[in-house]
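See below for the structure under consideration.
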């Protein structure tokens, strides 16, 4: 009887415990959404205003600073070429020697004419002097007196003509030696020894290019130029006093020396809708040759208090609207619609939508959405 009561008592004692266990199993699980999510680590860039130069990368072609096409000024046979093709020459250096025998003979003849005219003038002056003496004693008629004076004047004029003809003959003789009109590098010669060349012929004997400095002719679309000039009316943008230009070679390599914009055309080309500009670039090593294709990076305006955002920090939605994720004061992120103007290197120039001091997320964008709490770390720095 004692054993039976003990077993029954034990079963009765287990009933409340089983009821508690069953009640615990029937309770719904705790809502996971009530737990605060952990902040997502992201990298940010704090925007600071700065003055930046607006740059435009424009296509261009190099041109020689000075070009001289060498042509003969007298007719003759080329006796000798006096320069090496492709060599540097100085202004006045001899290039070609023509056969000058005819011109030398003409110069000698003109010189003899001067001597004859000088002799005739000497005789005429003596006759005129004698005529004056005879006129004083009335030993000569007035007509003879005037004729002798006129003969003297005529002899003086003949001497002047002879001297002018001699100078002309010397000029033609000197033209038989063709000289470099400018300093620079010569091109190939179009004639050889023994060739006949004529005065003022259409074909140049050779061409000389002055290559230090060189011109780079570039074009900018009229719409870009108009946009820039409108922006210059804003107080935040000013025109650069001296416009520096960086040159990029055809393979993208930067040219080591900086050029300067010297000229901008006053008219728009109606066929291309562009404006021509000319840049002067130092070229002491003759690396830039005429006709080369280059890119010119022109900085023709300066934006005061500009805000630059790394390109990785700007996204675009399905409609193409540029947005940036900005960390707010409470440590969450918000999407901010922004307006970007142009790229400067690896950055966007932001025109509207952000202010100085904003912290823009540049790393970790794929892990966040508007309202996500974040642990912001300055890009390349420590947590903040």
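Data table
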{"read-out": "Packing-based exposure ordering (other Cβ within 10 Å, fewest first) of 138, 152", "value": "138, 152"}
{"read-out": "Spin-label pair residue 258/residue 97, simplified geometry with 7 Å Cα→Cβ offset, distance in nm", "value": "5.0"}
{"read-out": "In range of the label at residue 127: residues from the range 145-182 whose backbone nitrogen is under 14 Å from the point 7 Å along Cα→Cβ", "value": "145-158"}
{"read-out": "Stretch gain in nm, segment residue 375-residue 248, where the contour uses 0.36 nm per residue and the Cα spacing is subtracted", "value": "41.6 nm"}
{"read-out": "263, 379 arranged by Cβ crowding within 10 Å, fewest neighbours leading", "value": "263, 379"}
{"read-out": "Which of 367, 319 has the fewest Cβ neighbours within 10 Å, and the rest in rising order", "value": "319, 367"}
{"read-out": "Full-stretch length increase - residue 342, residue 328 - with 0.36 nm per residue and alpha-carbon distance subtracted", "value": "2.5 nm"}
{"read-out": "Percent of Cα-Cα distances greater than 15 Å, calculated over the range 163-213", "value": "62"}
{"read-out": "Percent RCO, i.e. relative contact order, over the range 101-175, from Cα pairs under 8 Å lying at least 6 residues apart", "value": "53"}
{"read-out": "Gain on full stretching of the segment that runs from residue 144 to residue 356 - 0.36 nm per residue minus C-alpha separation", "value": "65.7 nm"}
{"read-out": "Dmax and Rg, reported as Rg then Dmax, of the range 101-175 (C-alpha, Å)", "value": "16.8, 56"}
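Since every read-out is calculated from the coordinates, none of them should be taken as a lab result. Please read these numbers as outputs of a predicted model, since none were measured by experiment. Cβ sites come from the backbone with ideal geometry, for glycine too, and all protein chains shown count toward neighbours.
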